[in-house]
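Enquirer: Take this structure, written in structure tokens, and hold onto it; I'll ask about it next.
The values are calculated or read from the model by the stated rules, or taken from the named source; none is laboratory data. Bear in mind that the values here come from a model prediction, so they are computed numbers and not experimental data. Quick reminder, even Gly has a Cβ in these numbers, built from the backbone with ideal geometry, and neighbours come from all protein chains shown.
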Amino acid sequence: MSKTPFLAAAILAAAFLTFSARAQDTKKEVATKPVRSPSGAVLESWNDIGRKLTAMAEDFPEDKYDFKPTPAQRSFAEQLLHAAGANYFFTNLALGEKPPAEEDPKRDKYKTKTEIVAFVKKSFADGAAAIKAKGDKGMSDIVVDPFEHQKARISDLAYGFIEHSGEHYGQLVAYYRLSGLVPPESRPKK
């Protein structure tokens, strides 16, 4: 009788036990974090996309702020103003205020990179403050989505605007690449 099948089974079993032991060692080293609260999860996502758009606003050269891939598209600056301005459709509703009168803040109101960066930062800071003010219970409050004309939970509305900002983040990545630049999130981490 050949010993090869038995030897192969023994090697396979030893390998399995070795990998299994290593996996268990890894689990012991890293403690599992508790689940985020409802408002904490929304706030983390809100702040993450805010951080990314703010980094782009601060990083992109001011002399390229009016760059448009095609004449029909928004400029880099207009993309940032649109995304930041849209945040107030969430923030105002979350705080029980009327939504803004206009969807897109005008470029001539924000003439410099410094003014645009400040507006982007403020829009995300105001949204974060609204999320904190609502807290966990407030994430279930119902408001009317001004675009869908449908009732929605505050948390659902927040995630919709987080996604909206994410879509503009993706567009701005293309603006970077078309300008021969590398977006901050795509650079090697130090």
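Enquirer: Does segment 75-91 contain at least one residue that is among the hydroxyl-bearing types (Ser, Thr, Tyr), in contact with an Asp or Glu (Cβ under 6 Å, 6 or more places away or on another chain) and not in a helix (DSSP H, G or I)?
Expert: yes
Enquirer: Which one of these is at pLDDT 95 or above, part of a loop (DSSP other than H, G, I, E, B) and within 28 Å of Glu62 (Cα to Cα): Lys121, Lys111?
Expert: Of the residues listed, the single one that is at pLDDT 95 or above, part of a loop (DSSP other than H, G, I, E, B) and within 28 Å of Glu62 (Cα to Cα) is Lys111.
Enquirer: Right, next: Kindly list, by first and then second residue, each pair from a residue in segment 130-155 that is touching a residue at least 40 places away in the same chain (Cβ under 8 Å) to a residue that is polar (S, T, N, Q), limited to pairs with Cβ atoms under 6 Å and residues at least 6 apart or on different chains.
Expert: Pairs that qualify, where the first residue is touching a residue at least 40 places away in the same chain (Cβ under 8 Å) and the partner is polar (S, T, N, Q), are Ala130/Thr91; Ile131/Ser39; Gly135/Ser39; Asp136/Ser37; Asp136/Ser39; Met139/Ser39; Met139/Ser155.
Enquirer: Turning to a different aspect of this structure: Return yes or no: is Leu181 within 18 Å of Lys64 (Cα to Cα) and surrounded by 13 or more Cβ atoms within 10 Å (Cβ to Cβ)?
Expert: The answer is yes for Leu181.
Enquirer: So which residues in segment 156-176 are more than 15 Å from Phe89 (Cβ to Cβ), of a type outside the set (A, V, I, L, M, F, W, C) and surrounded by 12 or more Cβ atoms within 10 Å (Cβ to Cβ)?
Expert: Gly166, Tyr169, Gln171, Tyr175, Tyr176
Enquirer: Residues to consider are Ile154, Ile162; find the one that is touching a Lys or Arg at 6+ places or on another chain (Cβ under 7 Å), among the aliphatic types (A, V, I, L, M), at pLDDT 95 or above and within 19 Å of Ile49 (Cα to Cα).
Expert: The conditions single out Ile154.
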